[in-house]
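The values are calculated or read from the model by the stated rules, or taken from the named source; none is laboratory data. The shown structure was predicted, so the numbers you read here are calculated from the model rather than taken from an experiment. Side chains are part of the model used for accessible areas, which takes the heavy atoms of the whole protein and leaves out ligands, DNA and RNA. Shrake-Rupley method; radii C 1.70, N 1.55, O 1.52, S 1.80 Å.
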Amino acid sequence: IPLKVSLISEAEGEWVFSFRGADAKGVLLRAAQILYDIGLQIRWAKVHTWGQQVDDIFAVSPTKDRAASDWTQEIDKRLNPKNH
């Protein structure tokens with residue numbers, strides 16, 4: 001199930017990513033697992049589900065070695081490997 005990841009905030013103390021798409025079993029876990037797998041530390045999360053749609057928001061601690069936009073691309077590759 002394709003999800004769209006977006007960087008919605010890039011503050012000094014945290015980056016905030018949105019995962020949007022069709023609601024399906026395991027969507028939240030999949031997003032959290034990808035963030036964990038690439039080494040981003042989750043600070044907080046908010047889960048929004050309405051009808052058949054989800055918008056899961058994760059705030060992570062910034063990294064010094066890569067820009068948030070680079071991580072957005074990496075997350076998208078892992079979320080939607082068929083598109084890359």
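Count the lysine pairs in the chain whose Cα atoms sit under 18 Å apart, keeping only pairs 8 or more residues apart in sequence or on different chains.
Going through the chain pair by pair, I get 5.
When the helices in the chain are scored as -39500 (n - 2.57) per DSSP H run of 4 or longer and the sum is shared across all residues, what 222 nm value do you end up with, to the nearest 500 deg cm²/dmol?
Computed ellipticity for the chain at 222 nm equals -8500 deg cm²/dmol.
Using the Karplus curve 6.51 cos²θ - 1.76 cosθ + 1.60 with θ = phi - 60°, what ³J(HN,Hα) values do you get for each residue of segment 72-77, in whole Hz, with x for Gly and Pro?
Along segment 72-77, the couplings run 4, 5, 5, 4, 4, 4 Hz.
Tell me the carbon and sulfur percent of the accessible area for segment 31-73, rounded to whole percent, probe radius 1.4 Å.
Values: 1230 of 2580 Å².
Answer for segment 31-73 is 48 percent, counting heavy atoms of protein chains only.
Using each residue's phi in segment 8-15, evaluate 6.51 cos²θ - 1.76 cosθ + 1.60 at θ = phi - 60° and report the 3J(HN,Hα) Karplus result to the nearest Hz, with x for Gly and Pro.
Result, rounded to whole Hz: 9, 7, 9, 7, 4, x, 6, 10.
For a test of the definition: using alpha carbon positions, the gyration tensor, and the 1.5 limit on a/c, classify segment 31-84 as rounded, prolate or oblate.
Oblate, since a/c reaches 1.5 and b/c is not below a/b.
Keeping every protein chain present and rolling a 1.4 Å probe, give me the accessible area per residue for the chain in Å².
On the way: 5250 Å² over 84 residues.
Each residue of the chain exposes 63 Å² on average to a 1.4 Å probe.
Using the alpha-carbon atoms, what tilt in degrees (0 to 90, nearest 10) does helix 27-37 show relative to the longest principal axis of the chain?
Taking the Cα atoms of the chain, the angle to 27-37 is about 20 degrees.
Considering only C-alpha atoms, what is the centroid distance from segment 33-84 to segment 1-16, in Å?
Value for the Cα centre distance between the two parts: 6 Å.
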